[in-house]
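Structure first, commentary second.
What follows draws every value from the coordinates through simple rules; no lab data is involved. Every value quoted in this text rests on a predicted model; they were computed, and no experiment measured them. Backbone-built Cβ (ideal geometry, glycine too); neighbour counts: all protein chains shown.
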Amino acid sequence: MKIALYAGTYVKDKDGAVKSIYQLVSSFRKNGHTVVVWSPDISAQGNQNGITVHKMPSVPLPVYPDYKLGFFNKETRKQLDVFAPDIVHISTPDIIGRRFLLYAKANSIPVASAFHTDFPSYLHYYRLGFTEKMVWKYLVWFYNTCDIVLAPSHSVLRKLEAKKIRNVEIWSRGIDRELFDPLRRSEKLRGKWNASGRTVFVYAGRFVPYKDIEIVMQVYARFMQEGKSDRVRFVMIGSGPGEEEMKRRMPDAVFTGYLTGTDLPEAYASGDVFFFPSSTEAFCNVALEAIASGLPSIVSEIGGCRELVEKSGAGLVAPAGDVDCFYRQCLSFLEDREKYLDMRLKGLAFAEKKSWAAVNGALIARYLELTAKVAGSAVAPLKEDFQDFR
């Protein structure tokens, strides 16, 4: 099977979505399939581990320069024609994703799209909530024109189906247990954090409003105001435009910067509790990474994090935006060691069952079924609204 894969970004470890894409590409290759990747944003180093990766022309996004807006041109079409894929996998429903979708339909190629990121939920954080209806109109057309839509969790599946999106199935996420392991805990690193005898709360992600970093800062302030500064240490893993404000408002917190390789799992394992109040997560890869590293998690009731925590039994859930409740949940782990240890063990047991081989193996089998089903027959484009987004 030959898979043409389009991703808005293909820089290893850049975010949870890209980690999932890299794992999927690896699984395709391990199972004897050929995959070619197209992206406007690729790793600076040219070595892509033997995979053909086509860099597309692009410009940085004005409000989010870490990500790029790319363009589909004649060269892209020629590359696709030469490769002659059996299936097209689209990871980003942007203007390039739309062109890949139209190319697949025009050439009777089955097309799948993964819902990695709940972009509409970001809009109100940037005072763009008035555009949400229009964005969803486009997304409904886009996903309903695909042959299969892949949701990372049941909560996302229900959300998409509520928007009248059809053919939605689950493609969950796995975890590399050799990488994310509680045995990576480092007392030396904890000493560097000045965390001896303290409970370490770890946050990992972008420092941006839509990750609800305001909640993190306010919970930190509560610990300081309540005279518990000597009992806790906040470790902030990541970077982003909100970093300077966070450093100003969280002067006793540790800011590690963006971590990759074994530095990230070592930092997770050296913490005690994962605190991630974001309400915009489709799956929440970071929570699974933390749970696999031995950290019970405190997350929002809205988004994919809740489903992950409830299924694993490895954490607590608080109402989105409720600072008081998030603070109480954090405080409970300081006061109830038995509950903490029970949730930790449940999380580790859950992570053992979440291998990438099993998760991606099921998706590959589905793709083989889909390509066999359409072999020799046309994949008809959907008629409603199809012309509107050409």
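Taking 0.36 nm per residue of separation and subtracting the current Cα-Cα distance, fully stretching the chain between Lys373 and Lys2 would add 132.0 nm. Charged side chains reduced to their Cβ positions (Lys and Arg at +1, Asp and Glu at -1) give region 182-352 a dipole of some 460 debye around its Cα centre. Other residues within the sphere of radius under 14 Å centred on the Cβ of Val149, judged by their own Cβ, net out at +2 (K and R +1, D and E -1). Note on the chain: with charges restricted to the Cβ of Lys and Arg (+1) and Asp and Glu (-1), its dipole about the Cα centre is near 700 debye. Taking Lys and Arg as +1 and Asp and Glu as -1, the other residues whose beta-carbon sits under 15 Å from that of Leu341 total 0. Each of Leu331, Pro209, Asn194 was scored by the projection of its Cα onto the charge dipole of region 182-352, and the greatest displacement toward the positive side belongs to Asn194; charges sit on the C-beta of Lys, Arg, Asp and Glu.
The simple spin-label model puts a point 7 Å past each Cα toward its Cβ; for Lys346 and Asp13 those points are separated by 3.1 nm. Pairwise Cα separations in region 100-251 fall into 10 Å bins from 0 onward with the following percentages, short to long: 9, 25, 27, 22, 13, 4, 0.
In this label model, Lys74 and Glu226 are separated by 6.6 nm, measuring between points 7 Å along each Cα→Cβ vector.
With a cut-off of 15 Å between beta carbons, the residues surrounding Ser196 carry a summed charge of +3, where Lys and Arg count +1 and Asp and Glu -1. Any number yet on Rg/Rh for the chain, C-alpha, Kirkwood? Rg/Rh for the chain comes to 0.98. Where only DSSP H runs of four or more residues are counted, the chain gives -12500 deg cm²/dmol as its mean residue ellipticity at 222 nm, each run worth -39500 (n - 2.57).
Candidates Pro241, Ala320, Gly257 compared by Cα position along the dipole of region 182-352: farthest toward the positive end lies Gly257, with charges placed on Cβ. Here region 188-293 was treated as a single set of alpha-carbon atoms; its pair distances binned every 5 Å from 0 give 2, 12, 25, 27, 21, 10, 2, 0 percent.
Mean silhouette area of region 226-273, derived from the convex hull of its C-alpha atoms and averaged over all directions, reads 3.9 nm². Extension gain for Leu183-Ala44 works out to 46.9 nm (0.36 nm per residue, less the C-alpha to C-alpha distance). Taking a virtual spin label 7 Å from the Cα of His124 along the C-beta vector, which residues in region 246-289 bring their backbone nitrogen under 17 Å of it? Flagged as within label range: 277-282.
For region 182-352, the relative contact order comes to 23 percent (Cα pairs under 8 Å, sequence separation of at least 6).
Say a paramagnetic label sat at a point 7 Å from the Cα of Glu245, along Cα to Cβ; which residues of region 117-158 have their backbone N under 14 Å from it? Only 125-127 fall inside the zone, counting backbone N under 14 Å. Between the residues Pro296, Cys146, Phe283, the greatest Cα displacement towards the positive end of the dipole of the chain, with unit charges on the Cβ of Lys, Arg, Asp and Glu, is found for Cys146.
Quick one: if the Förster radius is 25 Å, what FRET efficiency do Asp176 and Arg366 give, using the C-beta to C-beta distance and rounding to 0.05? Given R0 = 25 Å and the Cβ-Cβ separation, E is 0.65. Note: relative contact order over the chain, using C-alpha pairs below 8 Å and six or more positions apart, is 15 percent. Placing +1 on the Cβ of every Lys and Arg and -1 on the Cβ of every Asp and Glu, with nothing else charged, gives region 96-189 a dipole about its Cα centre of roughly 360 debye.
Rounded to whole Å, the principal axis extents of the Cα atoms in region 63-170 read 42, 32, 20, largest first.
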